[in-house]
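Trainee: First the structure, which I've put down as structure tokens, then a few questions once you've had a look.
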Amino acid sequence: MLRTLLLALLAVNSALAAAPVVKELGIPIRAVNWVRLHPGRGPDGKASLLASMGQNNGGLFVVDIDLANGHCRQFNAPSGKMQYPTASFRSPRSGILYVGEHTTGHLLRYDPAHPERGLEDLGTIDGEHATFPTGITETPDGLLWIGGYPDCSLTRFDPATGQFTRFGKQDETDKYLYPLAGADGTVAALAKVVHPHLLVVDPRTGATKTVGPVINPEDKAAHLLFYKGIDGLLYYETHAGNYRVRGDRLEPVTQLPPPLPPFIPAGNITVPFRDALPMPDGTIATWVDGDEGAGTFQEVRLQSTNPTVATHTITLDWQGGGSNLFVLHRGADGNLYGSSFLPEHIFRCAPDGAGMLNLGRCSLMLGEAYTIADFSDGTMAFGSYPHAHISLFDPRRPWHFGVEPTANPRDIGRLDDVGIRPIAMAIVPSLPRADGTRVPERLWVGSLPDYGTWGGTLAWLDPKTLEHKSHRHLLPDTSPFSLLYLPELKQLLVGIAVEGGTGTKPKARHGGFALWDPVTDQAVYTGNFGLEDIADVLALTPTDGGLVYALIGHTRYTAELLGPAAGAIRIALINPRTRKVVSVAPLPADLGRANEQVQFTLFRGPDGTYGITERTLYRVKPGTCEVEVVWRAPDGDQLDVPGPWIGRTFYFATGWRLRALTLP
């Protein structure tokens, strides 16, 4: 009996000793997103300044700012799941701040006259139809009108009664709705992004109708701008003419008034708030270090319309909890690098977490770095959302972001006018041409297309000369989603997905593969390698004998389209030389859901090929498509972002936390 018990204890101890060890390395980034200043009149009638800020760890918050010293009374959302203040509006009538939040789609309220109430939850705006509020506006009768994504929904809220009136979906194709109300009681909303158009709203019934032109985003000559003028009325600037929006009709105008500051073009979330309304004492508050600066949102400039009052700056003392990480990478210098998202900040630290530093922004975009790659000389390339901007960074030189040639990193801009999410990167070395000259080393980028469009791009960049070129529609209405350079064939393997731009439903039914000749810059093959029912080729990684593992499945957007027909995610072993599938098998369902971040990944580890789901690190058995569990996250834990292997240690992120898993 005793011997049996001792053997059992030895077995348990042996299993524990063989289990991977997970270590916390820290929180690299503590930044905020969807930031907006809200000037107004306080309950005492004096100047008042509020700010709404989003974050992941602890949820979004509102700060009530002391204009004398920058001290912030901070009010966090009732739930940590309420992370993004995607719609925020301070009523000029009452001075109350309303926030429509993502991800749960609730309406929140902060009343400066009653700070003891904190940030109040007023309820659900329109359930799953408005999980991402797009805008809030107020009619002269004090009613609030709220637009929502993903169902292009319209909701009315009465602050006096606390009642929501939900008018539901306003367009069968478009998903985004941006409402504005005029001083005359007119309510209208811009629907985006597949066929942008203006809807006028009957404020009594919520009924809508389309007025004016309907835009095709691919038509670069067409344009529209819907805004509130300085006279408080609504205006619509289009390629077909300029109008005042009055009631349920458009009135042609010969001259458009300037916009009412702060100028927030309906539907455009990327334009910084360059102007601000003056507060009752004539003070105008603007960010010193906002979207156009470091993106840290700690310094506010106070400038008076009274020329005798000196301009000065206050430092805010709000406290951030942590920003979710989006991509992790091991640089050629041996350090770990990574990007947070919304806002995009880059961090660096040693593999043991020492010297962890928030380096700041690497791009004008301030979205997130989707991809990072290293050239042979150690120079790093960052690909950033939105607009797939490319930035180049030499880790041997000090960090000094900008767009000038001496900047490091230097944002060099877009490689084409289509790509928006640089989902894949590969470095192709210098290769000989037939005439004896050489193609220089190049960065290759696969990008999803802009909002409301189909057909992503495959582009290349020469980092020395900045020469670049782009290709679209490798397969009609699809996008490059994964890239792998094949040195034996001297070709680029492209994994193709059916995903279009944000706000669209995929048109293509099947993705596939392309083999691309980097020297002649053209496809030598497009097809499916004999593998049927490909939706998206999510990841590619090399294995022995010139073979390649491919992760075949669907992103959350294509899964939404395909529904039950989406099927299981599969691992395929392919031979690019013969253009055939060697074997294929579904990913076992008990591994948990596939990771919904963009980094769907298979990657080389210390002894083979690995992958992750949200709950599991798994290993592909060599030469097969079968998998075995390496580590399964305990309940309440998960893997969000895969990173590099360094030796037998795998780096990954869970939300805002950088972590390391070491194999025995």
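The values are calculated or read from the model by the stated rules, or taken from the named source; none is laboratory data. As the structure is a computational prediction, the values presented were derived from the model and not from experiment. Because the Cβ atoms are built from the backbone with ideal geometry, glycine has one as well, and the counts that use them run over all protein chains shown.
Trainee: Residues in region 501-512: is at least one of a type in the set (D, E, K, R) and in contact with a Phe, Trp or Tyr (Cβ under 6 Å, 6 or more places away or on another chain)?
Mentor: At the first step, the residues of region 501-512 found to be of a type in the set (D, E, K, R) are 505, 507, 509.
Checking the rest, the ones that are also in contact with a Phe, Trp or Tyr (Cβ under 6 Å, 6 or more places away or on another chain) come to 507.
For region 501-512, residues of a type in the set (D, E, K, R) and in contact with a Phe, Trp or Tyr (Cβ under 6 Å, 6 or more places away or on another chain): present.
Trainee: Just checking, how many residues over region 56-78 are over 24 Å from residue 313 (Cα atoms) and either touching a strand residue (DSSP E or B) at 6+ places or on another chain (Cβ under 8 Å) or among the charged types (D, E, K, R) (or both)? Please lay out each step first, then the result.
Mentor: Of the residues in region 56-78, the ones over 24 Å from residue 313 (Cα atoms) are 56-60, 76-78.
Adding the requirement that they be either touching a strand residue (DSSP E or B) at 6+ places or on another chain (Cβ under 8 Å) or among the charged types (D, E, K, R) (or both) leaves 58-60, 76-78.
Counting residues in region 56-78 that are over 24 Å from residue 313 (Cα atoms) and either touching a strand residue (DSSP E or B) at 6+ places or on another chain (Cβ under 8 Å) or among the charged types (D, E, K, R) (or both) gives 6.
Trainee: In region 394-432, what residues are closer than 30 Å to residue 453 by Cα and of a type in the set (Lys, Arg)?
Mentor: Selection gives 410, 414, 421.
Trainee: Right, another one. Given the residues 96, 136, 125, which is the only one that is under 23 Å from residue 44 (Cα atoms) and β-branched (Val, Ile, Thr)?
Mentor: Numbers: 136 fails: under 23 Å from residue 44 (Cα atoms); 125 fails: under 23 Å from residue 44 (Cα atoms).
Every option except 96 fails the conditions.
Trainee: Is it the case, given these coordinates, that residue 596 is under 23 Å from residue 371 (Cα atoms), surrounded by 15 or more Cβ atoms within 10 Å (Cβ to Cβ) and either touching an Asp or Glu at 6+ places or on another chain (Cβ under 9 Å) or at pLDDT 95 or above (or both)? I'd like the intermediate steps shown before the answer.
Mentor: On the way: under 23 Å from residue 371 (Cα atoms): yes; surrounded by 15 or more Cβ atoms within 10 Å (Cβ to Cβ): no; either touching an Asp or Glu at 6+ places or on another chain (Cβ under 9 Å) or at pLDDT 95 or above (or both): yes.
The answer is no for residue 596.
Trainee: Quickly run through region 361-379 and pick out the residues that are surrounded by fewer than 21 Cβ atoms within 10 Å (Cβ to Cβ) and on the phi > 0 side of the Ramachandran plot.
Mentor: Within region 361-379, 378 is the sole residue that qualifies.
Trainee: At pLDDT 95 or above, surrounded by fewer than 17 Cβ atoms within 10 Å (Cβ to Cβ) and outside the structural domain of residue 285 (by TED's automatic domain parsing), is that true of residue 332? Explain how you work it out, then say what you get.
Mentor: Numbers: at pLDDT 95 or above: no; surrounded by fewer than 17 Cβ atoms within 10 Å (Cβ to Cβ): yes; outside the structural domain of residue 285 (by TED's automatic domain parsing): yes.
Here the answer is no, as residue 332 does not meet what is asked.
Trainee: Just to be sure before I move on: is residue 657 modelled with pLDDT of 95 or more, surrounded by fewer than 19 Cβ atoms within 10 Å (Cβ to Cβ) and within 26 Å of residue 425 (Cα to Cα) in the structure I sent?
Mentor: Details: modelled with pLDDT of 95 or more: yes; surrounded by fewer than 19 Cβ atoms within 10 Å (Cβ to Cβ): yes; within 26 Å of residue 425 (Cα to Cα): yes.
Yes.
Trainee: Can you name the residue in region 449-469 that is more than 19 Å from the chain's Cα centre (by Cα) and assigned to a strand (DSSP E or B) and is also nearest to residue 481 (Cα to Cα) among such residues?
Mentor: So, considering only residues that are more than 19 Å from the chain's Cα centre (by Cα) and assigned to a strand (DSSP E or B), the one nearest to residue 481 (Cα to Cα) is 458.
Trainee: While we're on this one: For a quick check of your reading of the model, give me the residue pairs whose first member lies in region 112-123 and is closer than 11 Å to residue 76 by Cα, whose second is of a type in the set (Ser, Thr, Tyr), with beta-carbon atoms closer than 7 Å and at least 6 apart or on different chains.
Mentor: Sorted first by the residue in region 112-123, then by its partner, the pairs are 119/110.
Trainee: Here are some residues: 40, 123, 80. Which one is crowded, with 19+ Cβ neighbours inside 10 Å and not charged (D, E, K, R)?
Mentor: Testing whether each residue is crowded, with 19+ Cβ neighbours inside 10 Å and not charged (D, E, K, R) leaves just 40.
Trainee: Moving on to the next point. Would you mind finding the one in 95, 123, 142, 100 that is part of a strand (DSSP E or B) and either more than 15 Å from residue 60 (Cβ to Cβ) or modelled with pLDDT under 95 (or both)? Spell out the reasoning first.
Mentor: Working: 95 fails: part of a strand (DSSP E or B); 142 fails: part of a strand (DSSP E or B); 100 fails: either more than 15 Å from residue 60 (Cβ to Cβ) or modelled with pLDDT under 95 (or both).
On inspection, the qualifying residue turns out to be 123.
Trainee: Only one residue in 646, 612 is β-branched (Val, Ile, Thr), on the phi < 0 side of the Ramachandran plot, touching a residue at least 24 places away in the same chain (Cβ under 8 Å) and touching a Leu at 6+ places or on another chain (Cβ under 7 Å). Which one?
Mentor: 612
Trainee: I've got another one for you. Working only within region 161-192, note down all residues that are surrounded by fewer than 20 Cβ atoms within 10 Å (Cβ to Cβ) and among the β-branched types (Val, Ile, Thr). Can you show your working first?
Mentor: In the first step, residues of region 161-192 are kept if they are surrounded by fewer than 20 Cβ atoms within 10 Å (Cβ to Cβ); the result is 161-169, 172-173, 183-185.
Within region 161-192, 161, 165, 173 qualify.
Trainee: Show me the strands (runs of 3 or more DSSP E) entirely contained within region 333-448 in which 2 or more residues are in contact with a Ser or Thr (Cβ under 7 Å, 6 or more places away or on another chain) and of a type outside the set (Phe, Trp, Tyr). Walk me through it before giving the result.
Mentor: Numbers: elements: 336-340, 346-349, 357-360, 368-374, 380-385, 389-393, 410-413, 419-428.
It comes to 368-374, 380-385, 389-393, 410-413, 419-428.
Trainee: Sticking with this one: Among the residues of region 126-155, write down those that are small (Gly, Ala, Ser) and either within 12 Å of residue 85 (Cβ to Cβ) or crowded, with 18+ Cβ neighbours inside 10 Å (or both).
Mentor: The initial filter retains those residues of region 126-155 that are small (Gly, Ala, Ser), namely 127, 130, 135, 142, 147-148, 153.
Result: 130, 135, 147, 148, 153.
Trainee: Given the structure, is residue 148 under 22 Å from the mean Cα position of the chain (by Cα), at pLDDT 95 or above and either assigned by TED's automatic domain parsing to the domain that holds residue 192 or closer than 20 Å to residue 93 by Cα (or both)?
Mentor: Details: under 22 Å from the mean Cα position of the chain (by Cα): yes; at pLDDT 95 or above: yes; either assigned by TED's automatic domain parsing to the domain that holds residue 192 or closer than 20 Å to residue 93 by Cα (or both): yes.
In short, yes.
Trainee: Would you be able to tell me the number of residues in region 413-447 that are under 20 Å from the mean Cα position of the chain (by Cα), under 28 Å from residue 360 (Cβ atoms) and among the hydrophobic types (A, V, I, L, M, F, W, C)? Quick ask: steps written out before the conclusion?
Mentor: Applying the first criterion (under 20 Å from the mean Cα position of the chain (by Cα)) to region 413-447 yields 413-425, 445-447.
Then keep just the ones that are under 28 Å from residue 360 (Cβ atoms); that gives 413-417, 419-425, 445-447.
Going one step further and asking which of them are among the hydrophobic types (A, V, I, L, M, F, W, C), we end up with 415, 420, 423-425, 445.
So the answer is 6.
Trainee: For residue 313, state whether it is at pLDDT 90 or above and in a strand (DSSP E or B).
Mentor: Values: at pLDDT 90 or above: yes; in a strand (DSSP E or B): yes.
In short, yes.
Trainee: Next question, about the same structure. Six or more apart or on different chains, Cβ under 6 Å: which pairs go from a residue in region 311-323 that's of a type in the set (D, E, K, R) to one that's part of a strand (DSSP E or B)? Could you list them?
Mentor: 317/72
Trainee: Same structure again: Give the residue that is surrounded by the fewest Cβ atoms within 10 Å (Cβ to Cβ), with candidates limited to residues of region 226-254 that are in contact with a Phe, Trp or Tyr (Cβ under 9 Å, 6 or more places away or on another chain) and hydrophobic (A, V, I, L, M, F, W, C).
Mentor: Filtering first and then ranking leaves 253.
Trainee: Same structure, new question: If you take the residues of region 428-466 that are under 18 Å from residue 517 (Cα atoms) and of a type in the set (Asp, Glu), which of them is surrounded by the fewest Cβ atoms within 10 Å (Cβ to Cβ)?
Mentor: Result: 435.
Trainee: Still on this structure: So in region 193-225, with the set limited to residues that are touching a Pro at 6+ places or on another chain (Cβ under 9 Å) and in contact (Cβ under 8 Å) with a residue 60 or more places away in the chain, which one is surrounded by the fewest Cβ atoms within 10 Å (Cβ to Cβ)?
Mentor: Taking the candidates together, the pick is 195.
Trainee: For residue 489, only one of the following conditions fails: (1) on the phi < 0 side of the Ramachandran plot; (2) buried (at least 18 other Cβ atoms within 10 Å of the Cβ); (3) part of a loop (DSSP other than H, G, I, E, B). What is its number?
Mentor: Going through the list (1) on the phi < 0 side of the Ramachandran plot; (2) buried (at least 18 other Cβ atoms within 10 Å of the Cβ); (3) part of a loop (DSSP other than H, G, I, E, B), residue 489 breaks only (2).
Trainee: Another one. Hey, does region 486-495 have a residue that's within 25 Å of the chain's Cα centre (by Cα), modelled with pLDDT of 95 or more and closer than 21 Å to residue 420 by Cα? Full working, then the answer.
Mentor: In the first step, residues of region 486-495 are kept if they are within 25 Å of the chain's Cα centre (by Cα); the result is 494-495.
Next cut, modelled with pLDDT of 95 or more only: 494-495.
Add one more test, that the residue is closer than 21 Å to residue 420 by Cα, and what stays is 494-495.
The answer is yes, given that some residue of region 486-495 is within 25 Å of the chain's Cα centre (by Cα), modelled with pLDDT of 95 or more and closer than 21 Å to residue 420 by Cα.
Trainee: At pLDDT below 95 and either over 24 Å from residue 480 (Cα atoms) or surrounded by fewer than 16 Cβ atoms within 10 Å (Cβ to Cβ) (or both): does that describe residue 348? Please lay out each step first, then the result.
Mentor: Details: at pLDDT below 95: no; either over 24 Å from residue 480 (Cα atoms) or surrounded by fewer than 16 Cβ atoms within 10 Å (Cβ to Cβ) (or both): yes.
Against the criterion (at pLDDT below 95 and either over 24 Å from residue 480 (Cα atoms) or surrounded by fewer than 16 Cβ atoms within 10 Å (Cβ to Cβ) (or both)), residue 348 does not qualify.
Trainee: Which pairs have Cβ atoms under 6 Å, sit 6 or more apart or on different chains, and link a residue in region 417-443 that is in the same structural domain as residue 470 (by TED's automatic domain parsing) and within 18 Å of residue 484 (Cα to Cα) to one that is of a type in the set (D, E, K, R) and part of a strand (DSSP E or B)?
Mentor: Qualifying pairs under 6 Å: 428/442; 430/438.
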